[in-house]
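Here the structure is laid out as structure tokens; the discussion comes afterwards.
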Amino acid sequence: MSAEYTVSGAVAVITLNNPPVNGLGFDTRSAIVAGLKKALADEAVAAIVVTGAGKAFCGGADIREFNTPMALAEPTTRSVIAGLEAATKPVIAAIHSVAMGGGLELAMGCHFRVAAANAQIALPEVKLGILPGAGGTQRLPRLVGVETALNMIVSGTPARSQDLAATALFDQMIAGDRIEDLLAGAIAFAQQVVKEKRPLKRVRDIAIDYPNHQAFFQFARNTVGAVAKNYPAPLKCVEAVAAAVTMKFDDGLKFERECFRFLVETTESRALRHAFFAERAAAKIPDVPADTPVRSIKTAAIIGAGTMGGGIAMNFANAGIPVTLVEMKQEALDRGLATVRKNYEGSVKKGRLTRDKLEQRMGLIKTSLAFEDIRDADIVIEAVFEDMAVKEQVFKQLDKVMKPGAILASNTSTLDLNAIAAFTKRPQDVVGTHFFSPANVMKLLEIVRAEKTSRDVLATTLKLARTIKKTGVVSGVCDGFIGNRMLEEYIRQSLFLVDEGASPAQIDGALQKWGLAMGPFAMYDLAGNDIGWHIRKRRYVERPDMAYSKIADAICELGRFGQKTGSGWYKYEKGSRKPAPDPLVDELIVAHRKTLDITPRKISNDEIIERCMYALINEGAKILDEGIAMRASDIDMVYLTGYGFPLWRGGPMFYADTVGLPLVLAAMNRFAAGYHGECWTPAPLLAKLAAEGKTFN
């Protein structure tokens, strides 16, 4: 049942019951309307309370109906709200836990609202590239004031009910922690309204008097426009709230709807909605049911206290899980722990962490020089140098000392996880947990499933990702997995572009302007050029027929490993991460081109973007076809959360869909006639989908 109807004395209670957050799906909307009709027809009913069962009052639209005709089927949310507002008997919203989006709009359509303390109140639609479409931009300013409403709508950030207690949004705050307390308080309030014969308050009838609104909204447009450069929704939110001040209610409602319809068709909104669903889909593994038993993770250990190891340890400490860092030498442990403390100190200075929390988290991180000290850990993550011989030593040692049932994880970014698992007598317990640098910041956790990884280990690791506030995306085993395998093709094209005539600064600038958080050459310097050099040396042996530019090797041969050495593709002043051009690199590139007998040509920014992006997409199509990634949206999540891909473009595979796969294929065929054209053989899946007029997603 999507909504339950009960009667307590002279008060009818309509309880939304559509788990998990009482989303306003078609059945729920219909049940509210049916309950309202029944209550209005019953002479014994004097007032109506609307509330929610379980963990929410109402979380808004039912995401299961997104992008389906059911979302627009009558009664729509707007129709339900109109019915509540027009009711001839008092309608009281009893809010607890969560009232968001359409749920808050529903409550604002009621005549009165009571709330429990600490309920989360929000209109978060802007985060999906849209705005409230059922009167939220028109009613909220009338209840909480124009400025507060605008801030809430433009940011989508939740507010606590008690922080809004003094506004007209709430008629009464109800004491008590239980839903039963709220309901009892709401019924008592309803009885009081009837007894006192209070007039029914319609939010639409509240007049807004806001002097100098022209100056305020112009300031808001300037401020929001500067921040939301690639997102049209925030500015539309400003205009919709301005309409609440300058137009009659019904005209403002119509304007809000026009803005909503415009936004929902934008590429940016489609990209944000795609990312929203992609994140949820990533946690669903077809052969690992949601009720798969998971192992308990109460303690953890990390092998290696370097940059990655320390960052990984911070994730566990942040989640309140004790973790032990293991190293070969005390100096390495001391350095690692000092770096962790420095990172936390930075958060304290920025006001993101209290001094007490810093010490509490540092207290959860222990150190050791002996594997035996971690034998009882529930999970151990190896974060040592990316070399198979080193990994072999570590995993053979872990196999000897770790307790039965412990998860043995590797932070490898490219190596064969099946081979690593084979170093142990318990390959079913081995999984890849590829964190991204900086590990304490980046949201992605690439979870690599080896051939013998057990289902419960996979389920446990996915749950752990959520516990430590990461987005877990499952990958099969191949060289580089999803993210780095695709990145290699992107890197190859960026280096070929340098061979042909583009500069590192031009390439970085073009891709940053397009939307990437960082261009490839600045990224190489940040990650450490020696890491890529080490991988390329392996590639030269394993794939001797593959074409590579050797300009990156020339940079590394001079010891220019990036920010950590003060120079790489750029040079860096001591203590600064800001890249500066270096004439020495220009000279190296000129000399390199001469050895290849290449006369540099002018390369457009459009060509840079197309070659780098389409190389990424083509490899993504191969990964999808091979089953390394289960879904195109999984690939998008890897790049959105791990590689600084612009959220408003939706990820590489979604971007390919927006460009049009036939156009992507046509460009690749053009590039195939140019420099190292053999790189542009289309992935079979890409060619097939383009021919059939289909998309990846």
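The values are calculated or read from the model by the stated rules, or taken from the named source; none is laboratory data. Note that this is a predicted model, so its numbers are computed, not measured. Every residue, glycine as well, gets a Cβ built from its backbone with ideal geometry; the counts of neighbours run over all protein chains shown.
Kindly check whether there is at least one residue in region 455-467 that is modelled with pLDDT under 95 and hydrophobic (A, V, I, L, M, F, W, C).
Within region 455-467, none of the residues are modelled with pLDDT under 95 and hydrophobic (A, V, I, L, M, F, W, C).
Find all pairs meeting these conditions: Cβ atoms under 7 angstrom apart; at least six residues apart or on different chains; first residue within region 29-42 and in the same structural domain as residue 53 (by TED's automatic domain parsing); second residue assigned to a helix (DSSP H, G or I).
Short answer, once both residue conditions are applied: 29/77; 29/80; 32/80; 33/80; 33/83; 36/83; 36/84.
Looking at region 623-636, which of the residues that are more than 16 Å from the chain's Cα centre (by Cα) and among the β-branched types (Val, Ile, Thr) is nearest to residue 647 (Cα to Cα)?
623
Any chance you could count how many residues in region 378-393 are more than 27 Å from the chain's Cα centre (by Cα), more than 13 Å from residue 534 (Cβ to Cβ) and not in a loop (DSSP other than H, G, I, E, B)?
3
In this structure, is residue 139 of a type in the set (Lys, Arg) and within 20 Å of residue 200 (Cα to Cα)?
So residue 139 passes the test.
From the residues in region 245-282 that are small (Gly, Ala, Ser), buried (at least 20 other Cβ atoms within 10 Å of the Cβ) and under 23 Å from the mean Cα position of the chain (by Cα), which one is nearest to residue 138 (Cα to Cα)?
269
Of the conditions (1) surrounded by fewer than 16 Cβ atoms within 10 Å (Cβ to Cβ); (2) under 15 Å from residue 423 (Cα atoms); (3) not acidic (Asp, Glu), residue 398 satisfies every one except a single condition; which number is it?
Only one criterion is unmet by residue 398, namely (1).
Look through 546, 637, 630, 613 and report the one residue that is closer than 29 Å to residue 665 by Cβ and at pLDDT below 95.
On inspection, the qualifying residue turns out to be 546.
Would you mind stating whether residue 477 is in a loop (DSSP other than H, G, I, E, B), hydrophobic (A, V, I, L, M, F, W, C) and at pLDDT 95 or above?
Criteria met by residue 477.
In region 655-697, what residues are among the polar types (S, T, N, Q) and either within 14 Å of residue 489 (Cβ to Cβ) or without any contact (Cβ under 8 Å) to a residue 40 or more places away in the chain (or both)?
Passing the criteria: 669, 681, 695.
I'd like to check something: does region 423-435 contain any residue that is polar (S, T, N, Q), modelled with pLDDT of 95 or more and more than 30 Å from residue 353 (Cα to Cα)?
Among the residues of region 423-435, at least one is polar (S, T, N, Q), modelled with pLDDT of 95 or more and more than 30 Å from residue 353 (Cα to Cα), which makes the answer yes.
Kindly establish whether residue 236 is at pLDDT below 95 and either buried (at least 19 other Cβ atoms within 10 Å of the Cβ) or not in a helix (DSSP H, G or I) (or both).
no
For region 155-171, what are the residues that are in a helix (DSSP H, G or I) and in contact with a strand residue (DSSP E or B) (Cβ under 8 Å, 6 or more places away or on another chain)?
Across region 155-171, the qualifying residues are 161, 162, 164.
Could we say that residue 517 is part of a loop (DSSP other than H, G, I, E, B), surrounded by 21 or more Cβ atoms within 10 Å (Cβ to Cβ) and of a type in the set (Gly, Ala, Ser) here?
Answer is no for this residue.
Looking only at region 6-42, which residues are small (Gly, Ala, Ser) and more than 22 Å from residue 185 (Cβ to Cβ)?
23, 25, 30, 31, 34, 41, listed by residue number.
Yes or no: region 613-622 includes at least one residue that is under 24 Å from the mean Cα position of the chain (by Cα), of a type in the set (Val, Ile, Thr) and farther than 24 Å from residue 285 by Cβ.
Yes; the residues of region 613-622 include at least one that is under 24 Å from the mean Cα position of the chain (by Cα), of a type in the set (Val, Ile, Thr) and farther than 24 Å from residue 285 by Cβ.
Scanning region 283-297 for residues that are in contact (Cβ under 8 Å) with a residue 60 or more places away in the chain and more than 16 Å from residue 466 (Cβ to Cβ), which turns out nearest to the chain's Cα centre (by Cα)?
It comes out as 286.
How many of the residues in region 163-191 are free of Cβ contacts under 8 Å to residues at least 60 places away in the same chain and exposed (fewer than 15 other Cβ atoms within 10 Å of the Cβ)?
9
Kindly provide the set of residues from region 496-507 that are assigned to a helix (DSSP H, G or I), surrounded by fewer than 23 Cβ atoms within 10 Å (Cβ to Cβ) and not aromatic (Phe, Trp, Tyr), ordered by number.
499, 500, 505, 506
Six or more apart or on different chains, Cβ atoms under 7 Å: show the pairs whose first residue is in region 507-532 and within 19 Å of residue 655 (Cβ to Cβ) and without any contact (Cβ under 8 Å) to a residue 60 or more places away in the chain and whose second is part of a helix (DSSP H, G or I) and among the acidic types (Asp, Glu).
Correct list of pairs: 519/508.
Would you mind finding the one in 233, 149 that is in the same structural domain as residue 98 (by TED's automatic domain parsing), in contact with an Asp or Glu (Cβ under 9 Å, 6 or more places away or on another chain) and closer than 18 Å to residue 100 by Cβ?
Matching residue, one of 233, 149: 233.
Can you spot a residue in region 441-450 that is in contact (Cβ under 8 Å) with a residue 40 or more places away in the chain, of a type in the set (A, V, I, L, M), under 22 Å from residue 629 (Cβ atoms) and in the same structural domain as residue 340 (by TED's automatic domain parsing)?
yes
Being touching a residue at least 40 places away in the same chain (Cβ under 8 Å), over 24 Å from residue 650 (Cβ atoms) and assigned by TED's automatic domain parsing to the domain that holds residue 378 is true for just one of 460, 453, 471. Which residue is that?
Going through 460, 453, 471 in turn, the sole match is 460.
Could you give every pair whose Cβ atoms fall below 9 Å, whose first residue belongs to region 1-24 and is without any contact (Cβ under 8 Å) to a residue 12 or more places away in the chain, and whose second residue is outside any loop (DSSP other than H, G, I, E, B), counting only separations of at least 6 or pairs across chains?
Hits for this filter: 6/12; 6/13; 6/14; 6/15.
Could you please let me know if residue 132 is more than 26 Å from residue 277 (Cβ to Cβ), touching a Leu at 6+ places or on another chain (Cβ under 8 Å) and of a type outside the set (A, V, I, L, M)?
Criteria not met by residue 132.
Helices (runs of 4 or more DSSP H) wholly in region 611-680 with at least 1 residues that are surrounded by fewer than 22 Cβ atoms within 10 Å (Cβ to Cβ) and in contact with a Cys (Cβ under 9 Å, 6 or more places away or on another chain) - which ones?
Here the list reads 661-671.
Kindly indicate which of 226, 242 is surrounded by 14 or more Cβ atoms within 10 Å (Cβ to Cβ) and assigned to a helix (DSSP H, G or I).
The unique qualifying residue is 242.
So that you can scan it fast, the table gives a plain yes or no per residue for (1) polar (S, T, N, Q); (2) touching a Pro at 6+ places or on another chain (Cβ under 9 Å); (3) surrounded by 24 or more Cβ atoms within 10 Å (Cβ to Cβ):
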{"site": "57", "(1), (2), (3)": "no, no, yes"}
{"site": "70", "(1), (2), (3)": "no, no, no"}
{"site": "74", "(1), (2), (3)": "no, no, no"}
{"site": "78", "(1), (2), (3)": "no, no, no"}
{"site": "95", "(1), (2), (3)": "no, no, yes"}
{"site": "101", "(1), (2), (3)": "no, yes, yes"}
{"site": "105", "(1), (2), (3)": "no, yes, yes"}
{"site": "108", "(1), (2), (3)": "no, no, yes"}
{"site": "149", "(1), (2), (3)": "no, yes, yes"}
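Test residue 210 against the criterion of being touching an Asp or Glu at 6+ places or on another chain (Cβ under 8 Å), not in a helix (DSSP H, G or I) and not polar (S, T, N, Q), and give yes or no.
No; evaluated as a whole, the condition is false for this residue.
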